[in-house]
């Protein structure tokens, strides 16, 4: 019984040792793989930061471009309105100057007499004065049917019929007409045609003109923007244009741009600036913006249709404003963004490396703990093995004890026994021999013999004989 109790005691102690071990294994995170903090935290944070930076740069750039385009559009539209207002004022001045000659009796007499030489002699001094003072470059006398009677600025050319829109408007309305018109040489001229009456009868027309080349610098100085007048080649005759260039003593390059020729420009180095734009575009649309850049400056430019007095689109009016300061600010902004990105990336890299270093330490600690856990597991497994062996021994010994107990019937309680004959009183009150009583209450079987003392007494007579 004592061995059996010891076995039960050790069984319970081993069972207690096993339970905490299983509990710890179930909750100890070190039994799993150590989480990679950099891949789970830093990479998503880095990607999020990168996406925010890219979106911020793109949104900021587009916002700046939108603001610049809006400002450029406002400036171009304002410049365009002022340009046409300026032309109207100049045209009105031309009409006023034309009236000074309507009532000159010498000019009227020579014109009515058809005396071209006398008319030229009287009109030439006046033309020289207004050319020197007002930059007027054209002075005409026309017959009522539109035939050019005299070009004071070019007296050798005459007797051709004028089909320009300003002439047609003046003929149809009987009132002064003005507007810009494209000449065969690819130049724009502001013209003012004034009907000439004598005694209430139309005798002809006086026309004054001023080339845009003379107006463009004034517009530039007044409005602070650059003007480039690009004429579409389909509106010109190349042969006439090249002859006109030679007559004016200039060398025009028809092949410089594929679709346009430059009639007037306030930019001295416009060919190189305009090549990337005019080589790429055949037709421009309103609110089309582009940059003109060289080593000295950056211009923000836009296009508007260039219309003559008849409302026909003959080319493009390119209006450009100085964009250098904004371009510098934009470069500084880009540099700031790059420097800030590098700085934040450096900080991010430092944090990334620091977390990696901490992960290394955690991994080392995890490896040590894993080794200790493995050792404890081995110890636990060894204890479990010994416990199982002990269980087996306990089971075997218990079986033996149960078998022994099954073979033994224990007599317990008080047995009334006769002091003389040693008979035992049973449960029903009768007396029974002790051998019979024990045999009935156990599995014992009696055999009979004599002890040495009894044997001496019984067999004493035999020994004497």
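The values are calculated or read from the model by the stated rules, or taken from the named source; none is laboratory data. The structure presented is a predicted model; accordingly, all values stated were derived computationally and were not measured. Using ideal geometry, Cβ is built from the backbone for each residue, glycine included, and neighbour counts are taken over all protein chains shown.
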Inset, instruction - Answer with yes or no whether residue 82 is closer than 29 Å to residue 334 by Cβ, exposed (fewer than 15 other Cβ atoms within 10 Å of the Cβ), at pLDDT 80 or above and within 42 Å of the chain's Cα centre (by Cα). - result: no
Inset, instruction - Restrict the check to the range 84-106 and report whether at least one residue is free of Cβ contacts under 8 Å to residues at least 24 places away in the same chain and in contact with a helix residue (DSSP H, G or I) (Cβ under 6 Å, 6 or more places away or on another chain). - result: yes
Inset, instruction - State whether the residues of the range 303-319 include one that is in a helix (DSSP H, G or I) and surrounded by 11 or more Cβ atoms within 10 Å (Cβ to Cβ). - result: no
Legend entry - Flag for residue 328 being outside any helix (DSSP H, G or I) and closer than 30 Å to residue 262 by Cβ: no
Inset, instruction - Within the range 156-184, count every residue that is within 22 Å of residue 213 (Cα to Cα) and out of contact with any strand residue (DSSP E or B) (no Cβ under 9 Å at 6 or more places or on another chain). - result: 1
Legend entry - Lone qualifier among 324, 346, 340 - being surrounded by 11 or more Cβ atoms within 10 Å (Cβ to Cβ), without any contact (Cβ under 8 Å) to a residue 40 or more places away in the chain and over 24 Å from residue 223 (Cα atoms): 340
Inset, instruction - Taking only the range 159-181 into account, find how many residues are in contact with a helix residue (DSSP H, G or I) (Cβ under 6 Å, 6 or more places away or on another chain) and within 25 Å of residue 259 (Cβ to Cβ). - result: 1
Inset, instruction - Assess whether residue 139 counts as being touching a residue at least 60 places away in the same chain (Cβ under 8 Å), more than 26 Å from residue 180 (Cβ to Cβ), touching a helix residue (DSSP H, G or I) at 6+ places or on another chain (Cβ under 8 Å) and surrounded by 20 or more Cβ atoms within 10 Å (Cβ to Cβ). - result: no
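Rundown of residues vs (1) surrounded by 15 or more Cβ atoms within 10 Å (Cβ to Cβ); (2) outside the structural domain of residue 170 (by TED's automatic domain parsing); (3) assigned to a loop (DSSP other than H, G, I, E, B), yes/no style:
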{"position": "52", "(1), (2), (3)": "no, yes, no"}
{"position": "67", "(1), (2), (3)": "no, no, no"}
{"position": "100", "(1), (2), (3)": "no, no, no"}
{"position": "120", "(1), (2), (3)": "yes, no, no"}
{"position": "126", "(1), (2), (3)": "yes, no, no"}
{"position": "132", "(1), (2), (3)": "no, no, no"}
Legend entry - Number of the condition not met by residue 208 [criteria: (1) surrounded by fewer than 22 Cβ atoms within 10 Å (Cβ to Cβ); (2) more than 23 Å from residue 274 (Cβ to Cβ); (3) touching a residue at least 12 places away in the same chain (Cβ under 8 Å)]: (1)
Legend entry - Meets criteria (under 30 Å from residue 64 (Cβ atoms) and not assigned by TED's automatic domain parsing to the domain that holds residue 80) for residue 337: yes
